[in-house]
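Q: Below are the structure tokens for one structure; questions will follow.
Readers should treat all values here as calculations from the given coordinates under stated rules, not as data from a laboratory. This one's a predicted model, so the numbers in the text were calculated from it and none came from an experiment. Heads up, the Cβs are rebuilt from the backbone with ideal geometry, glycines too, and the neighbour counts pull from every protein chain shown.
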Amino acid sequence: MFSVEFTPEALEDMHHFRKREQTRIIEGIENQLTHQPTQETRNRKKLRPNRVAEWELRVDKFRIFYDLDEAGKVVKIEAVGYKKGSRLFIHGEEYSL
């Protein structure tokens, strides 16, 4: 079982969302990333090299970007954003991976 840690930037990202949305994001992280976070699924995929993170988890319109420390069994949440149409927003600004 993996533990989950948030970076300070990811915690700041969470403050941009309503309480109900934050709860949905946390539930998605707990359900999807505590067991087998390296297994690609419909909602979880490995990304091409970029400056945010190695993996992406999709929970509704939200995107959770994370890295793994498999030896230490830690999932490190790097950023939390959302999609609006085909545009991605992280830290309240449009972002391009």
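Q: Excluding Asn31 itself, what net charge comes from residues whose Cβ is under 15 Å from its Cβ, given Lys and Arg +1 and Asp and Glu -1?
A: +1
Q: Next question. Return a single number: how many Lys pairs in the chain, at a sequence separation of 8 or more or on separate chains, have alpha-carbon atoms below 24 angstrom apart.
A: 17
Q: If the only charges are +1 at each Lys and Arg Cβ and -1 at each Asp and Glu Cβ, what is the size of the charge dipole of region 1-61 around the Cα centre, to the nearest 20 debye?
A: Using Cβ point charges on Lys, Arg, Asp and Glu, region 1-61 gives about 340 debye.
Q: Let me ask something else about it. Per DSSP helix of 4 or more residues, -39500 (n - 2.57); summed, then divided by the residues of the chain. What does that give at 222 nm, rounded to the nearest 500?
A: Only helices count here, giving -7000 deg cm²/dmol.
Q: Now for a separate question. What's the local net charge at Val74, with K and R +1, D and E -1, over the other residues with C-beta under 11 Å away?
A: My count for the surroundings of Val74 gives -2.
Q: Right, another one. With θ taken as phi - 60° and the coefficients 6.51, -1.76 and 1.60, list the Karplus ³J(HN,Hα) couplings across region 80-97 in order, rounded to whole Hz; mark glycine and proline as x.
A: 10, x, 8, 9, 10, x, 9, 9, 9, 10, 10, 6, x, 10, 5, 9, 10, 8
Q: Just round it to a whole percent: the fraction of Cα-Cα distances in region 3-95 exceeding 21 Å.
A: 23
Q: Now, a different point. Between region 70-97 and region 2-61, what is the C-alpha centre distance in whole Å?
A: 7
Q: Please list, in chain and number order, the residues 5+ apart from Leu88 or on another chain whose amide H is under 5 Å from its amide H, with Hs placed from the backbone.
A: Here the answer is Tyr95, since their amide H atoms fall under 5 Å of that of Leu88.
Q: Using the Cβ atoms and a cut-off under 11 Å, what net charge is assigned to the surroundings of Phe6, where Lys and Arg are +1 and Asp and Glu are -1?
A: -4
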